[in-house]
Amino acid sequence: QKEVEQDPGPLSVPEGAIVSLNCTYSNSAFQYFMWYRQYSRKGPELLMYTYSSGNKEDGRFTAQVDKSSKYISLFIRDSQPSDSATYLCAMSAPGSARQLTFGSGTQLTVLP
Amino acid sequence: GAVVSQHPSWVICKSGTSVKIECRSLDFQATTMFWYRQFPKQSLMLMATSNEGSKATYEQGVEKDKFLINHASLTLSTLTVTSAHPEDSSFYICSARRQSGELFFGEGSRLTVL
């Protein structure tokens, strides 16, 4: 079993839809949770960064962390064609000087 | 704007030559940087952790003599692909961790070995 599971998609939605992207994880030591957006042939761009459980909102994006269920989500409201990209969840444990553990990424297409 | 700069963004080289890729953190000091490789439609694969002032830590299966990493300063790490072969063609991405814990990525470097 992978430490972080993420549905690879692809996911297609019409413009204006609410998109829900999710990851589950098995390592209870994870405390830092991130969502990245990666356009084709570009490096990942940090969208959201949360610590421990709870919600965080930034514009059209909302990140949720449920540590009791080991489940994190990213919601995109009023989705736009420019949101079409691969979304990667990532997480790490405190004091970890190593690397984030990434999900495999979900490919999203928002249709105009 | 970008907080991690990676250069070059793309490079084509002949088989047997060496290629150097630079990764710079622009507005913060990074004692630790990371190098990844990414194949089409796949997630990032960690190659090595670059530590300022000390040797890099390589992931299992990554040849340290093939992929030379130097973390010369708190804002610069370099990856040199030595004696490149066509199978080394890939998308290479670096990242740098800010003290607050956020990880920022460079724009990536696409290497094509002919």
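Within region A:28-54, the set of residues being in a loop (DSSP other than H, G, I, E, B) and more than 25 Å from A:THR109 (Cα to Cα) comprises A:SER28, A:ALA29, A:PHE30, A:GLN31, A:SER52, A:SER53. Looking across A:TYR71, A:TYR32, one residue alone is surrounded by 15 or more Cβ atoms within 10 Å (Cβ to Cβ) and within 13 Å of the chain's Cα centre (by Cα). It is A:TYR32.
If I filter region B:19-47 down to residues being of a type in the set (S, T, N, Q) and over 14 Å from the mean Cα position of the chain (by Cα), which single residue comes out as farthest from the other protein chains (Cβ to nearest Cβ)? Show your work before the answer.
In the first step, residues of region B:19-47 are kept if they are of a type in the set (S, T, N, Q); the result is B:25, B:29, B:31-32, B:38, B:42-43.
From what's left, over 14 Å from the mean Cα position of the chain (by Cα): B:29, B:31, B:42-43.
Details: B:GLN29: 15, B:THR31: 8, B:GLN42: 8, B:SER43: 5 Å.
Restricting to residues being of a type in the set (S, T, N, Q) and over 14 Å from the mean Cα position of the chain (by Cα), the top hit is B:GLN29.
Of all the criteria given as (1) in contact with a strand residue (DSSP E or B) (Cβ under 7 Å, 6 or more places away or on another chain); (2) more than 9 Å from chain A (Cβ to nearest Cβ), the one not satisfied by B:ILE93 is (2). Give me the pairs, please: first residue somewhere in region A:35-49 and more than 9 Å from chain B (Cβ to nearest Cβ), second residue anywhere and of a type in the set (Lys, Arg), beta-carbon distance under 9 Å, and either six or more positions apart or on two chains. Once the first residue is more than 9 Å from chain B (Cβ to nearest Cβ) and sits in region A:35-49, its partners that are of a type in the set (Lys, Arg) give A:LEU47/A:ARG37; A:MET48/A:LYS56. From (1) assigned to a strand (DSSP E or B); (2) surrounded by fewer than 20 Cβ atoms within 10 Å (Cβ to Cβ), pick out the condition that doesn't hold for A:VAL65. In the conditions (1) assigned to a strand (DSSP E or B); (2) surrounded by fewer than 20 Cβ atoms within 10 Å (Cβ to Cβ), A:VAL65 misses (2) alone. Exactly one condition in (1) in contact with a helix residue (DSSP H, G or I) (Cβ under 6 Å, 6 or more places away or on another chain); (2) not in a strand (DSSP E or B) is not met by A:ASP78; state its number. If we test A:ASP78 against (1) in contact with a helix residue (DSSP H, G or I) (Cβ under 6 Å, 6 or more places away or on another chain); (2) not in a strand (DSSP E or B), just (1) comes out false.
Just so you know, all these numbers are worked out from the coordinates, no wet-lab data involved. Everything numeric here is computed off the predicted structure, so don't read it as measured data. Glycine also receives a Cβ, built like all others from the backbone with ideal geometry; neighbour counts cover every protein chain displayed.
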